[in-house]
Amino acid sequence: MSEHTLTHVDAPAHMSVGKEYINEIPLEKLIGPVVVLDVKRKAEMVQEYGISITDLFDWERRFGRIPDGAAVIMNSGWDRRHPHPYAVFNTRNISNLETYRVPSWTFEAADWLLTNRRVIAIGVDSPSVDFYTGETLPVHRRIFRDSVIALEGVANLDSLPLHGATIYIPALKLYKGSGTPTRIFATFPKCRSFLHKLKK
Ligand SMILES: *[C@@H]1O[C@H](CO)[C@@H](O)[C@H](O)[C@H]1NC(C)=O
């Protein structure tokens, strides 16, 4: 499989020359508090919904300042579309990237977050932290500039609280890799009762 298949991490070297390869990301940048931005309702109503600065402020109004070292991840409900590629990329022509229509991050929100808070990762449950329309991938480039990683195709975010969980991103140390598939998981208070419920 490709390094960028399904649930995966993008390393800064994916697009930024001289930046970290996946095997060079220190462990402390792969563990941290997880901030879940629940925009499921908005993403149902708007094609290509983009995480906005308002979404970040709304989260902070409820739970306080985004903690240092956080991974901030959009939950748009997109993971329900797996495993159907046409649904995941929301297109009729899987050969043409320009037709993909997925929710993601606005550049403004990613830039505000990187400038004003200290985060280790930004993420999405959709396939990309940038929209496919437009060639420049501004969010990827902005976060890689600060040696922040991207988490794409993150699944099962509904099983996490919106704050208070700790995320673990066990990235494979692929030598000079630009990314890696990974089985991301999180722990949180009441985790055990959650797992019990999932088993049922
Ligand atoms: C799908 O996209 C490819 C690549 O752009 C193009 O060559 C092809 O004609 C498209 N197919 C249809 C049915 O539009």
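The values are calculated or read from the model by the stated rules, or taken from the named source; none is laboratory data. Being a predicted model, the structure only gives us computed values, none of them experimental. Please note: Cβ atoms are built from the backbone with ideal geometry, for glycine as well, and neighbour counts cover all protein chains shown.
Values computed for the structure shown
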quantity: Whichever residue in region 87-115 is surrounded by 12 or more Cβ atoms within 10 Å (Cβ to Cβ) and hydroxyl-bearing (Ser, Thr, Tyr) and, among such residues, is farthest from the ligand (Cβ to nearest atom); calculated: Thr106
quantity: Residue match in region 19-40 (condition: modelled with pLDDT under 95 and of a type in the set (S, T, N, Q)); calculated: no
quantity: Which listed residue, of Leu195, Leu162, is of a type in the set (A, V, I, L, M) and in a loop (DSSP other than H, G, I, E, B); calculated: Leu162
quantity: Among (1) in a helix (DSSP H, G or I); (2) crowded, with 20+ Cβ neighbours inside 10 Å; (3) within 16 Å of the ligand (Cβ to nearest atom), the one test that Tyr132 misses; calculated: (1)
quantity: Residue within region 176-189 that is outside any loop (DSSP other than H, G, I, E, B) and either among the acidic types (Asp, Glu) or modelled with pLDDT under 95 (or both) present; calculated: no
quantity: Only listed residue being over 18 Å from the mean Cα position of the chain (by Cα) and part of a helix (DSSP H, G or I), chosen from Ala110, Ala87; calculated: Ala87
quantity: Residue list for region 138-159, restricted to those being of a type outside the set (Asp, Glu), part of a loop (DSSP other than H, G, I, E, B) and over 21 Å from Phe89 (Cβ atoms); calculated: Ser147, Val148
quantity: Residue identified as closer than 13 Å to Ser126 by Cβ and surrounded by 16 or more Cβ atoms within 10 Å (Cβ to Cβ) among Gly77, Gly32; calculated: Gly77
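So that you can scan it fast, the table gives a plain yes or no per residue for (1) of a type in the set (Phe, Trp, Tyr); (2) over 19 Å from His140 (Cβ atoms):
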| residue | (1), (2) |
| --- | --- |
| Ser2 | no, no |
| Pro12 | no, no |
| Glu28 | no, yes |
| Val46 | no, yes |
| Gly50 | no, no |
| Thr54 | no, yes |
| Phe57 | yes, yes |
| His82 | no, yes |
